[in-house]
Amino acid sequence: NKLKATLMDVGETTGKSFGDIATITKELISQGLSVEQVENLINPLMKFATVGDISVAKATDLTVALTNMGIASTEAGQAYDIMLNLANKTTIRAPEFVDIMTKVAPAAVVTHESFLELAASAALLRKSFSSGKEEATALMQTLFTLERSKIQDKVKKAFGVEVIADRSTGALKPLLNIIQEINKAMLAGKGGLAALYDIFGSRSGARILT
């Protein structure tokens, strides 16, 4: 059938065994992806796993997370390429980047953060962390902190920064933009470390400073 033919082609182009490709295919379908979605993304996914030296399990978890974020199966290849490019330009190793994006994806869905916004924020903040686990935790804490209306008011009062992009939906501005605006405000003498730490906590607050 068509799916089997696709998997065999992927094996030939990536050097992965048919068994490994079939296993990840079954896992993706069991996680709710359709056969059509899998057919669209399995080739770029296996190439991503090969080039980035990423385990099949991690690649599967990432793909499910990206699907939940609204990344279409036909656009998955672009998302994988973006992650590889950012990994090459920063100190984030590709497997570490996968862990960060997979762990933070649920928080991004809640706060309406897009994949591109999340990836850019992760790359920007990477220099402040010794591990991807710490970065993922701080990103999630920051996103969930900004989701609360009282915190949004505090940020606006202390730094003059509006964190909401759309009042009708409650969607936040891209986290990267918020971080940059807070830094700009602090450079202009607004707010200060005390306000930053009060709002985000000393650990996450320190990471916002770029």
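The values are calculated or read from the model by the stated rules, or taken from the named source; none is laboratory data. Source: prediction; values computed, not measured. Methodologically, a virtual Cβ is constructed for each residue, glycine included, from the backbone with ideal geometry; neighbour enumeration extends over all protein chains shown. Heads up: the accessible areas ignore ligands, DNA and RNA and are worked out on the full protein's heavy atoms, side chains in. Shrake-Rupley method; radii C 1.70, N 1.55, O 1.52, S 1.80 Å.
Amide H contacts under 5 Å for Val161: Lys156, restricted to partners 5 or more places along the chain or on a different chain, H placed in the peptide plane at 1.01 Å from N. Here the calculated FRET efficiency for Glu12 and Asp81, from their Cβ-Cβ distance with R0 = 22 Å, stands at 0.55, rounded to the nearest 0.05. For the pair Lys2 and Ala194, the difference between a 0.36 nm per residue extended length and the Cα-Cα distance amounts to 63.1 nm.
Between amide H atoms placed 1.01 Å from N, distances below 5 Å from Leu172 occur with Ala165, all of them 5 or more places distant or on a separate chain. Lysine pair count for the stretch 8-133 (Cα-Cα distance under 15 Å; residues 8 or more apart in sequence or on different chains): 7.
For the stretch 146-204, the carbon plus sulfur part of the accessible surface works out to 52%, probe radius 1.4 Å. Here the Karplus curve 6.51 cos²θ - 1.76 cosθ + 1.60, taken at θ = phi - 60°, turns the phi angles of the stretch 48-64 into couplings of 4, 5, 6, 5, x, 6, 10, 5, 4, 5, 5, 5, 5, 4, 4, 4, 5 Hz, with x standing for Gly and Pro.
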